[in-house]
Structures are given as structure tokens and as C-alpha cells.
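What follows draws every value from the coordinates through simple rules; no lab data is involved. In this text the structure is predicted, and so the values were computed from the model without any measurement. So basically every Cβ, Gly included, is an ideal-geometry build from the backbone, and we count neighbours across all protein chains shown.
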Amino acid sequence: MKTVYSMILSVLLFGTLQLEAQPTGRNVSKAGTSAATFLQIPVGARGIGMGGAFVGTADDITSLYWNPAGAARLQNREVMFSHIDWIADVNFDYGAVGIPLTSIGTIGLSFTSVSMDEMLVRTVERPDGTGEMFSAGSIAIGLHYARNLTERFSIGFTAKYIHEHIWDMNAQGFALDFGTLFTTDFLNGMRIGAVITNFGTDMQLSGRNTLQYGRIDDRKQGSSERIPFHIEMEKWPLPLNFQFGIATDLVRNDVHLLTVAVDALHPSNNFQSINIGGEYGFQNLIFLRGGFHSLFLEESEGGLTLGVGLLADMFGGNVKSRVDYAYRDFGRLREVHVFNVSVLF
């Protein structure tokens, strides 16, 4: 077992060193220097309502996004769907299913989609539009596996296929997430979580929109001006992130549950920041949440988050349904409202 723990710590340390090794300049955030940034859009109204401080709390189906190790602690099969009207009229949809398989562990499948309405193709010569329309969007499909190595220590993995497109251009990549979750024997079972997300291949657009025609050598007579060639596109890395979280229950009994959590984020394409949040549950039925995301992040927008949830029995208690809502303030970019529905059976 010590060998397993050493391997896990080595992987987490390697991920942190990889982040530190990213080229950077003083006071430069590197924002806008990665592909597939939709992978950084948080999932689930519960985690969002807690300010994104969810790596140490992850114990439901949204753990597939926040910390795959938390999926090992699912008590029931769970299906979940979430929709967000994201900023700039972007639609964000997420669906996931998690299935505990007793001693084998937990397996899961997730699907993420980002879409938007079609837009006019505009050029310098024709700023009002060429008459053509184009679309853009992204998807990610994740396969998940999590297992409890001991009663206190869990690990989880995610393998993701990523695809992005704009007009007739496409890019694809693959990524891995790896997370751990440990429950201590003090402070009401304080949880400590750590996760590395989006460790994978660079992405490069390709397609017919890079096709150009021109003369190869202007110095040669008779050279054709219609020789086809493609403009080579740059490769961009995925938004690698290391996140560490701590969560504990200040109050825990049959009626009340009060959880507080703090997460530290170290992304490859921005400065470090802190998320804080809490959740109050009454009789495991009604939940109130609040938090603040992106603390100490330079030039961040907004930060306040609020949320509410309801867990109800169905069909004599054999099936449960969960409905969650979260509000996230984005300052000048306007607020975002998050809804998701889960079924536990």
C-alpha cells in the first residue's frame, strides 16, 4: 500500500512541476494561451453554489468533474443533467452517469457540450456579411473510474476525448484527470482532496478554411498564381490545472449539517486563486449554499455565488431526485444561473 501512495504522490508532484515549468513572464497571467477552455467551465449547481470549493467535498455525480476520486464514494447509481446559459449567449450542457460496482469500484460516463447560434461570415472587404453562415462548438466525452483503496483513501481517473470546431475547421485532443480524496480522523472527518485536470495533448485546427492560392516564386516567369497551399496553424496546450481542497463539517447530526470548504487553484493559463464556500443541510432535505470564487485573482470579474438544493424521495424511497440551482456573479459580464437535475436509484 505504501508503494501505491508513493506512486500517487509522485504523479501529483509531477503535475505540479509541469505547471511550474510552463513558460511565463513576470506579472503575466497567460490567459488566452490554451485551447479547449470550455473544460474550465464548472459543472453542477452544488459545487458552483459553494464558490467552486468542491474538490474536498466531492461525493456526488458532479465529482466526475471536480475530483474523480469522489465518485468512489457514491452510494447509489446516479444520473444527472445540467444546463447553463453561459456568458456571450453560449449554451453549456453537461450530462453524466455514475454506477458503483461494489468491490470493483465506480465507473462513469460524462458528456460536455458547448454550442452557440450560427453567425454571419464577415470579412474586411464585406463587413456586413458574405451571405454565408458559420457555427462553432466544442464537446468532451469522459470515461471515469474510481476506487476506495482503504476506508479513508480514494483515487479516481478520467480519460477524455475533446473536439472543437469553428466553420470548416476542427481540432481534437485527449486528456487525463487524476484525483485523490482522503478522510482524516479529526475535525469531524476533515476531507483533503487533490486533482490534476486536462493533462494531455496539444490541439491544432485543420480544415479547408486554411486553403489559399498563390504564386510559389514571384521571381520565376510563368509561375501559376493558383497553386493551392494550406496555412499551418499553431498548436495550443490544454488548460492544465492543479487544485487542492480541504472540507470539514462544523456541525453534523440527524437534523443539521454545516460544511465549510477551501480550494486552492494553480492553472497553467492564469494566476493562482482561492475558492471558499459552505453548505447547510436541513434533515438531508433542503440545502443552502454560498461562497466566493477567484479570490486574489488579478482582474477577475465578480465572485459571489449562492445556491439552493432539494433532495426528495420517490416511489417509496427506492428512488431519489435532486434539484439544484446556483447563482454566480460575473461582474461586468453579467450573472450566470445554473440548473441541474439528478436521479439516484
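Numbers for the structure displayed
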{"item": "All aspartates and glutamates inside 19 Å of K320 as judged from Cα atoms, apart from same-chain residues fewer than 8 positions distant", "result": "D59, D60, E78, D254"}
{"item": "Theoretical ellipticity at 222 nm over the chain - DSSP helices of four or more residues, -39500 (n - 2.57) apiece, nearest 500", "result": "-2500 deg cm²/dmol"}
{"item": "Using θ = phi - 60° and Karplus 6.51 cos²θ - 1.76 cosθ + 1.60, couplings along segment 236-241 (whole Hz; Gly, Pro as x)", "result": "10, x, 7, x, 5, 8"}
{"item": "DSSP-loop chymotrypsin sites (Phe, Trp or Tyr not before Pro) across segment 184-231, with at most 15 other Cβ within 10 angstrom", "result": "F186"}
{"item": "Relative packing of peptides 203-211, 41-49 - highest average C-beta neighbours within 10 Å first", "result": "41-49, 203-211"}
{"item": "Two-site FRET efficiency, R215 against M119, from Cβ-Cβ distance with R₀ of 35 Å, rounded to 0.05", "result": "0.60"}
{"item": "Local net charge near E151, Cβ-Cβ under 15 Å (Lys/Arg +1, Asp/Glu -1)", "result": "+2"}
{"item": "Karplus 3J(HN,Hα) series, Hz, for segment 315-322 with 6.51 cos²θ - 1.76 cosθ + 1.60 (x for Gly, Pro)", "result": "6, x, x, 6, 10, 10, 10, 10"}
{"item": "Viscosity 0.692 mPa s, temperature 37 °C, Stokes-Einstein D of segment 166-222 from Kirkwood C-alpha radius, µm²/s", "result": "196 µm²/s"}
{"item": "Computed log₁₀ I(q)/I(0) - Debye formula, equal Cα scatterers, no solvent, the chain, q 0.09, 0.10, 0.15 Å⁻¹", "result": "-0.54, -0.65, -1.34"}
